[in-house]
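The values are calculated or read from the model by the stated rules, or taken from the named source; none is laboratory data. As the structure is a computational prediction, the values presented were derived from the model and not from experiment. Using ideal geometry, Cβ is built from the backbone for each residue, glycine included, and neighbour counts are taken over all protein chains shown. All accessible areas refer to the heavy atoms of the entire protein, side chains included, with ligands and DNA or RNA removed. Shrake-Rupley method; radii C 1.70, N 1.55, O 1.52, S 1.80 Å.
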Protein chains: 4
Amino acid sequence: MSIAVIYGGTRENGNTEILTEQAVQGLSVEKIYLRNYDIHSIEDLRHTQGGFYEVDDDYNSIIDRIIPHDILVFATPIYWFGMSGTLKNFIDRWSQTMRDASYPDFKNSMAAKKAYVITVGGDNPYLKGLPLIQQFQYIFDFIGTSFEDYIIGEANRPGDIFQDKKALFSANQLLRK
Amino acid sequence: MSIAVIYGGTRENGNTEILTEQAVQGLSVEKIYLRNYDIHSIEDLRHTQGGFYEVDDDYNSIIDRIIPHDILVFATPIYWFGMSGTLKNFIDRWSQTMRDASYPDFKNSMAAKKAYVITVGGDNPYLKGLPLIQQFQYIFDFIGTSFEDYIIGEANRPGDIFQDKKALFSANQLLRK
Amino acid sequence: MSIAVIYGGTRENGNTEILTEQAVQGLSVEKIYLRNYDIHSIEDLRHTQGGFYEVDDDYNSIIDRIIPHDILVFATPIYWFGMSGTLKNFIDRWSQTMRDASYPDFKNSMAAKKAYVITVGGDNPYLKGLPLIQQFQYIFDFIGTSFEDYIIGEANRPGDIFQDKKALFSANQLLRK
Amino acid sequence: MSIAVIYGGTRENGNTEILTEQAVQGLSVEKIYLRNYDIHSIEDLRHTQGGFYEVDDDYNSIIDRIIPHDILVFATPIYWFGMSGTLKNFIDRWSQTMRDASYPDFKNSMAAKKAYVITVGGDNPYLKGLPLIQQFQYIFDFIGTSFEDYIIGEANRPGDIFQDKKALFSANQLLRK
């Protein structure tokens, strides 16, 4: 059981990261902080003659790192009631990888994985974070990944997450069931 | 009544653009194609001493263009069951503008506007696009903008949207009620 | 192509009925007004020795009437942001029919049908009716029925629905695609 | 702080009741099992001359019992991805009470209360129960009640809920924050 965590937050040691640390502590985990990489927005060329062309950024190197893992943890703060634009850009690019001859098994590989979502918001996230969870459900259904579980935490200022006992408990359970 | 359209799509003349054209034809509209601009992801520095610093990209110039308008139309294809990462990055940055001394009236200005959403997807968007609509609802509630109406269209290949009679009819009605 | 309409409203000639009439006019339709029948709440005896027992009400007679049809139209006003309790009681009882030796093919029969939902609400139904649509999606997924399309209309006082041009247009299209 | 629990389940000692017991143990609670009462569906007479008339059932007696309390806990199994028809019929009738001269302060009374929801389902409730939570959000927003928190539990056969450690932990916290 091999785990990669994909961090969508743009602040170091943010509440989402703290909560995710609770979930993965003691486990061997590959951590990918998307904020440290250059990932372009997708350019939708699905219907253009010639299709997609190679993009000169860090995206493929991250795909290469997640493919070997069995479990993916998507950890993102709730920005404007959704995942961060940083994480969204990463996921948008999957449309390209699904058509990339260099990754013929991308969808099959993703379909063999299990996914978890950890997300933290400051404005009533237990209600206003639900569309994000539903979006992830459709994302994972589409790519075939099994959506195992999710945690929503409530926090605003740095460290607030330590007050969310329910989220902390859930984090401790998440990968140990 | 002055209208700006904020396009989140990354393909020229895509189905979302065609549908939006139906909605705004004959009206004087300022069109902003986000794909033509450099807009960085937000770096969340809300809780950092010193706070946000100035970002050298095109974001502020677009804020300057939308502020004078009464109506904003957000037009985005559904990518992975949400708005495009391009549009999400633009909206994420509002968190910075809300704290930017150069834009002391940003929230009040947004709260005086009316918003419409036009979105098109290829995979059962009338169901799988609903979390996106709910996310926009929370976004507009937060910033204070009145969420007037939305259209979901179904299309995949270029031009498919012309087959979605319901979406076309709704587009023709949207801004004329 | 044979159609049954299941009406969940409790008011005669309500807006939901008017809108539904637009959808089915000129078509041969079996209309079932649940308010005219005695349908008990389910008593959950799935895990009780002996299981369910026969209930003396009109429920089975309605099941007998819908089973022969290819298309089911569920027409319900939005009461408290959901379907009417009247309609919910009817659907709850499906749990019993699925275990009823008198209806060994109930689920298969339902799985061969197509379903449409027509719903009308007075309090911002285009947003606040979305959880109801999502609930129907899960209902139909579970029983295997294909969820073809839905219409949300906005109306409060009797006849208001005639002002909702978008809903009327959609109703005229609904079963004619 | 005075608490009433409104049970919508139709099975004695069901998983929802067990989970709710965890939440209220040691607290003084008025428990109302809707299944033990006769509550008619609403007949929508809002727009009829004369309006609503008195209904001869147990509904008002239950309203009388909940009004004195500060906190309402709505405890319902997930039936067909929503609350039970039994509970829905109870809530639908609020439309009548809001117009009932015998209850001139009903809405104000409800608006002064805090609400919790406890719900248990067997088919992936952490995802498929979300529309129900969103529906409750709109219900409480409308009547003015503060929606404090909710728990979703996963269970199917009697007693299964004891395996849902996350739900049990949340139940123990729910009213003690």
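Summary table below
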{"read-out": "Yes/no for D:Ile71 being in contact with a Leu (Cβ under 8 Å, 6 or more places away or on another chain) and at pLDDT 95 or above", "value": "yes"}
{"read-out": "Test: B:Lys128 is open to solvent by 10 Å² or more (accessible area, probe 1.4 Å), facing chain A (nearest Cβ under 10 Å) and basic (Lys, Arg)", "value": "yes"}
{"read-out": "In the stretch D:76-120, the residues that are away from chain C (no Cβ under 13 Å), touching a strand residue (DSSP E or B) at 6+ places or on another chain (Cβ under 7 Å) and either of a type in the set (Gly, Ala, Ser) or farther than 21 Å from C:Gln134 by Cβ (or both)", "value": "D:Lys113, D:Lys114, D:Ala115, D:Tyr116"}
{"read-out": "Residue satisfying condition, being free of Cβ contacts under 8 Å to residues at least 24 places away in the same chain and out of contact with any helix residue (DSSP H, G or I) (no Cβ under 9 Å at 6 or more places or on another chain), within set C:Gln137, C:Gln49, C:Gln25", "value": "C:Gln49"}
{"read-out": "Close pairs (8 angstrom Cβ cut-off, 6 or more residues apart or separate chains): more than 15 Å from B:Ile78 (Cα to Cα) in the stretch A:87-115, surrounded by fewer than 22 Cβ atoms within 10 Å (Cβ to Cβ) and acidic (Asp, Glu) anywhere", "value": "A:Phe106/A:Asp100; A:Ala112/A:Asp70; A:Lys113/A:Asp70; A:Lys114/A:Asp70; A:Lys114/A:Glu148; A:Ala115/A:Glu148"}
{"read-out": "B:Gly50 vs. criteria of a type outside the set (D, E, K, R), facing chain A (nearest Cβ under 10 Å) and closer than 28 Å to A:Pro77 by Cβ", "value": "no"}
{"read-out": "Among (1) more than 15 Å from B:Tyr103 (Cβ to Cβ); (2) surrounded by fewer than 20 Cβ atoms within 10 Å (Cβ to Cβ); (3) touching a strand residue (DSSP E or B) at 6+ places or on another chain (Cβ under 6 Å), the one test that B:Ile66 misses", "value": "(1)"}
{"read-out": "Test: D:Glu17 is surrounded by fewer than 16 Cβ atoms within 10 Å (Cβ to Cβ) and either closer than 21 Å to D:Ile78 by Cβ or not polar (S, T, N, Q) (or both)", "value": "no"}
{"read-out": "Subset of the stretch B:25-46 that is of a type in the set (Val, Ile, Thr) and open to solvent by less than 30 Å² (accessible area, probe 1.4 Å) - its residue that is farthest from the chain's Cα centre (by Cα)", "value": "B:Ile42"}
{"read-out": "The stretch A:119-134: number of residues that are touching a Leu at 6+ places or on another chain (Cβ under 7 Å) and free of Cβ contacts under 8 Å to residues at least 60 places away in the same chain", "value": "3"}
{"read-out": "Given (1) more than 14 Å from chain B (Cβ to nearest Cβ); (2) touching a strand residue (DSSP E or B) at 6+ places or on another chain (Cβ under 8 Å); (3) buried (at least 17 other Cβ atoms within 10 Å of the Cβ), number of the condition A:Gln22 does not satisfy", "value": "(2)"}
{"read-out": "Yes/no for A:Arg99 being open to solvent by 50 Å² or more (accessible area, probe 1.4 Å) and over 29 Å from A:Ser61 (Cα atoms)", "value": "no"}
{"read-out": "Count - residues of the stretch C:162-176 that are open to solvent by 70 Å² or more (accessible area, probe 1.4 Å) and touching a residue at least 24 places away in the same chain (Cβ under 8 Å)", "value": "1"}
{"read-out": "Conditions (1) surrounded by 15 or more Cβ atoms within 10 Å (Cβ to Cβ); (2) touching a Lys or Arg at 6+ places or on another chain (Cβ under 7 Å); number of the one not met by A:Gly51", "value": "(1)"}
{"read-out": "So C:Tyr79, is it surrounded by 14 or more Cβ atoms within 10 Å (Cβ to Cβ), at negative phi and free of Cβ contacts under 8 Å to residues at least 12 places away in the same chain", "value": "yes"}
{"read-out": "Criterion (within 30 Å of C:Phe140 (Cα to Cα), touching a residue at least 12 places away in the same chain (Cβ under 8 Å), among the charged types (D, E, K, R) and assigned to a loop (DSSP other than H, G, I, E, B)) met by exactly one of D:Asp57, D:Asp38", "value": "D:Asp38"}
{"read-out": "Exclusive hit being over 13 Å from the mean Cα position of the chain (by Cα) and either surrounded by fewer than 22 Cβ atoms within 10 Å (Cβ to Cβ) or hydrophobic (A, V, I, L, M, F, W, C) (or both), set B:Phe147, B:Phe136, B:Phe142", "value": "B:Phe142"}
{"read-out": "Failed item in (1) farther than 21 Å from C:Ser84 by Cα; (2) open to solvent by less than 60 Å² (accessible area, probe 1.4 Å), with C:Gly159 passing the rest", "value": "(1)"}
{"read-out": "Residue in the stretch A:3-14 that is assigned to a strand (DSSP E or B), surrounded by 14 or more Cβ atoms within 10 Å (Cβ to Cβ) and hydroxyl-bearing (Ser, Thr, Tyr) present", "value": "yes"}
{"read-out": "D:Lys88 vs. criteria modelled with pLDDT of 95 or more and open to solvent by less than 20 Å² (accessible area, probe 1.4 Å)", "value": "yes"}
